[in-house]
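Asks: Supplied in C-alpha cells, the structure appears directly below.
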Amino acid sequence: MDTAMRARLQAHKDWISEELDICINFWLKNGMDHEHGGVYTCLDRKGEIYSTDKSVWMQGRCGWIFSYLCHLYGVKEEWLAASKSCIDFLEAHCINHSAGGRMYFTVTEDGQPLRQRRYCFSEAFYALANAEYYGVTGEKENLERARRAYDLYWDLNHGMADPTGLGPKTIPETRTGRAFGIPMIILNVTGVMLRVDPERKALYEERANQCVDEIFRYHVHPELKCVLENVAEDGTARLNYTEGRIVNPGHDIEGVWFLLEHAQRTGDKELVKKAAQIFDWAIEAGWDKEYGGLLYFTDCLGKPPEAYEHDMKLWWPHDEILIASLMLFRDTGDEKYLDWFEKTLDYCKVHFSDREYGEWYGYLRRDGLPTMPSTKGSTFKGPFHLPRMLSMVDQMLGQMLAE
C-alpha cells in the first residue's frame, strides 16, 4: 500500500471511529430505559423521547449491537448492561407464549403487548441478541434461546403453520410468492450462529448454502439487471403490477455484504463476482444522479413506484453501501468500490451526520434535507444499522492499514 492510499484510509478511519463513539454515547445517554428495561428508540434530533412505545425489533437489535461491540472491542460493563437490559426486556415482555413463542412487533414502555405481525423478524433479532450475548458471556441459557428462536424463524418460513393464526398479506388462493428479505435475513443470522455455536456447524452451513441458493434461484434476475423483492413461488417475475416490480437498492446492497461474508467463510470466489454484479446493478439503478444519495425504491421497468417514500433518502441504505463497497474493495482490489465508499461517505457527512447533537438523521427528502421535524430514531430506526456499519468499517479499515 502506497503512502497516499494509507493516508486516505487512515483519514476515513479517524472520522468513522469518532462517529462511532458519538453514536454509541447518544443511545446510552438518551435511549436506555432505566425503569422498565430495554431501549426507547423514538427520539427526536436532540435525543428527547417523543413516543414511549417500544419496538421489539429494536430491543433485539440493540441487545445484539452492544454485545457485538464487546465482541469487537472488549467487554465494557456499560455495553454489556445495555445488551442485557434489552434481552431481559424481550424475555419478560415480548414473547407471545399463547402463540407458540411468536414475538410481538410493538409493546408499551412497560411491556404490555400492542401489535403482533405475521412477519417473524422479531424472532430473528431476538436470536441475534441472545447468540451474541452468549458469545461474549458463555451463558448457556442465551444460546438455547437463540437456537429456539432461530429454528422457529426457519420453520415458519419453510412450511410451518403460523401459531398466531395470522395469514399472508394476500389471499393465497389468488396469489402467493416469495420475499427476498426471508433468505437474506436468515443468512445474516446464520453467520452469527456459525461464529458462536460451532456445535451445530453442519446445520448452519447447510442452511446458509440453502439461503444463497434461494436468493440466486428465485430473486436475482439478470435479464432485468436487478434483485426483485417479491416473486412467484418458482421465482417468476411478476411485472404486471407494482409490487412485483419493486427494487429496493439498499436492501440489495445489504444482501451483497451478507453474501460476501458467506463467500469469505467458504472461499467461494465466484460468489464474490456475483455479489459484485448485484452491487453494480443496485447502485446504478438507485443512485440519484441529480441530488446524490440512494433512492429508497425503484421500479425494475422504470415505471412509477407505488410507495410514497420511493424518492426519499433513508439512513440505512447508505450504511449498507459503506459496508458492501469497502468489502468489495477488500475482496476484489477494484478501486471503483473505494470510490463508491468515498462518494457515499461524503454524502453522509454532509446530509446525515449531525455533530451538534449526535447520531444521524433517519429520513431525508430527495434533495437531502431532513424531514421536519427531524428524528434520530423511530419504530424502525435505533442503535443498529449505523453502529453496525461504523464498527464494521472501522474494523475493516484497521485490518487494511495493518497489512
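Laboratory data are not the source of any read-out in this text; all were calculated from the coordinates shown. The structure presented is a predicted model; accordingly, all values stated were derived computationally and were not measured. Using ideal geometry, Cβ is built from the backbone for each residue, glycine included, and neighbour counts are taken over all protein chains shown.
Asks: For the range 36-75, report the % of Cα-Cα distances exceeding 14 Å.
Replies: Value for the range 36-75: 55 percent of Cα pairs lie more than 14 Å apart.
Asks: Same structure, new question: If you place +1 on the Cβ of every Lys and Arg, -1 on the Cβ of every Asp and Glu, and leave all else neutral, what size is the dipole of the chain about its Cα centre, to the nearest 20 Debye?
Replies: 340 debye
Asks: Once amide H atoms are placed 1.01 Å from N in the peptide plane, what residues at a sequence separation of 5 or more from Arg102, or on another chain, have their amide H within under 5 Å of its amide H?
Replies: Amide H neighbours of Arg102: Asn96.
Asks: Still on this structure: Got the relative contact order for the range 277-403 handy, in percent, Cα pairs under 8 Å and 6 or more residues apart?
Replies: Reported as a whole number, the value is 22 percent.
Asks: How big is the range 163-291 by Rg and Dmax over its Cα atoms, in Å?
Replies: 15.9, 51
Asks: Of Thr41, Thr170, Thr242, which is the most mobile in a GNM of the chain whose springs link Cα atoms less than 10 angstrom apart?
Replies: Evaluated over the chain, the most mobile residue of the options is Thr170.
Asks: Just to check I understand the Karplus step: with θ = phi - 60° and J = 6.51 cos²θ - 1.76 cosθ + 1.60, what whole-Hz values come out for the range 367-381, glycine and proline as x?
Replies: Each residue's phi maps through the Karplus curve to give 7, x, 8, x, 4, 10, x, 7, 10, 10, x, 7, 4, 9, 10 Hz.
Asks: Write down the Å³ per residue value for the convex hull defined by the alpha carbon atoms of the range 31-167.
Replies: Here the figure is 111 Å³ per residue.
Asks: Counting only C-alpha contacts under 8 Å and six or more residues apart, can you give the relative contact order of the range 243-312 as a whole percent?
Replies: Result for the range 243-312 is 37 percent.
Asks: Given Cα pairs under 8 Å that are at least 6 residues apart, what percent is the relative contact order of the chain?
Replies: Relative contact order for the chain comes out at 18 percent.
Asks: What per residue convex hull volume, in Å³, do the alpha-carbon atoms of the range 233-328 yield?
Replies: 112 Å³
Asks: On a 21 Å Cα-Cα criterion, which of the cross-link pairs Lys349/Lys376; Lys274/Lys313; Lys169/Lys303; Lys313/Lys343; Lys54/Lys376; Lys54/Lys84 come out too long?
Replies: Result: Lys274/Lys313; Lys169/Lys303 exceed 21 Å.
Asks: Which residue, Leu294, Leu156, Leu390, tops the fluctuation ranking in a GNM of the chain built on C-alpha contacts under 10 Å?
Replies: The residue with the greatest mean-square fluctuation here is Leu156.
Asks: Please compute the modelled spin-label separation between Thr170 and Thr3, points set 7 Å along Cα→Cβ, answer in nm with one decimal.
Replies: Here the modelled spin labels are 6.1 nm apart.
Asks: Hey, got the Cα dimensions of the range 230-271 along the principal axes, in Å, largest first?
Replies: Principal-axis extents of the range 230-271 (Cα, largest first): 39, 23, 13 Å.
Asks: Rounded to whole Hz and in sequence order, give me ³J(HN,Hα) for the range 199-214 from the Karplus expression 6.51 cos²θ - 1.76 cosθ + 1.60, θ = phi - 60°, writing x for Gly and Pro.
Replies: For the range 199-214, the Karplus curve yields 4, 10, 3, 4, 5, 5, 5, 4, 6, 4, 4, 5, 4, 4, 4, 5 Hz.
Asks: Turning to a different aspect of this structure: Please compute the modelled spin-label separation between Lys29 and Thr108, points set 7 Å along Cα→Cβ, answer in nm with one decimal.
Replies: Result for the modelled spin labels: 3.1 nm.
Asks: Then there's this: Among 51-59, 204-212, how do they line up by average Cβ neighbours within 10 Å per residue, starting with the highest?
Replies: 51-59, 204-212
Asks: Related question: Work out from phi, with θ = phi - 60° and the Karplus expression 6.51 cos²θ - 1.76 cosθ + 1.60, the ³J(HN,Hα) of each residue of the range 310-318, listed in order in whole Hz, and give x for Gly and Pro.
Replies: Result, ordered by residue: 4, 9, 7, 10, 9, 4, 5, x, 6 Hz.
Asks: With no solvent and one equal point scatterer per Cα, compute the Debye intensity ratio I(q)/I(0) for the range 144-231 at 0.10, 0.14 Å⁻¹ and report its log10, rounded to two decimals.
Replies: -0.31, -0.59
Asks: At each listed q (0.12, 0.14, 0.15, 0.22 Å⁻¹), what is the log10 of I(q)/I(0) that the Debye formula gives for the range 308-394 modelled as equal alpha-carbon point scatterers?
Replies: Cα-only, vacuum Debye calculation for the range 308-394: -0.37, -0.49, -0.56, -1.09.
Asks: Here is a follow-up. Divide, for the chain, the radius of gyration over alpha carbons by 2.2 N^0.38 Å, where N is the residue count.
Replies: Compactness ratio reported: 0.94.
Asks: Taking +1 at the Cβ of each Lys and Arg and -1 at the Cβ of each Asp and Glu, which of His158, Leu260, Leu314 sits farthest along the dipole of the chain towards its positive end, judged by Cα position relative to the Cα centre?
Replies: Working it through, the farthest residue towards the positive pole turns out to be His158.
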